[in-house]
Amino acid sequence: MDWRAKTLVVLFFEVAKVKFTPMELDQIRSQWNQVLDLLESQNRVAWIAYFDARLSSFENGVLTLDFSDSRKFATSHEYSETRPNLKVALVDAIKSTLGIDVEIVEQ
């Protein structure tokens, strides 16, 4: 194997280590606005339903969203009946932005 091929192999494994390292909640939080920006550009109704969610926890691929703050507003901010139909759009935006598969759970 010549030095160029060896260099590519080393670079691939360095990228793979970064790509496949489990993501932490703080990492998701740091990129959450990018997720929401993509969601808004692809599905504004889904963005409206999820933009006020708080990221509560992320364990074993399950992202828990907390909507308790949004429930303090008038009923016009209550989208709990609509969100299940829009969940796929959020999961897709997370996958596109962060490169991870998640299951969404509401708290």
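The values are calculated or read from the model by the stated rules, or taken from the named source; none is laboratory data. All values derive from a computational prediction rather than experimental measurement. We place every Cβ from the backbone using ideal geometry, glycine too, and count neighbours over all the protein chains shown.
Side notes on the structure shown:
- Complete set of residues in the stretch 54-77 that are modelled with pLDDT of 90 or more and surrounded by 14 or more Cβ atoms within 10 Å (Cβ to Cβ): ARG54, LEU55, SER56, PHE58, LEU63, THR64, LEU65, ASP66
- Qualifying residue in the stretch 10-23 (condition: modelled with pLDDT under 85, among the aromatic types (Phe, Trp, Tyr) and not in a helix (DSSP H, G or I)): yes
- Cross-chain or 6+ apart pairs with Cβ under 6 Å, the stretch 37-60 first and in a strand (DSSP E or B), then of a type in the set (Lys, Arg): LEU55/ARG29
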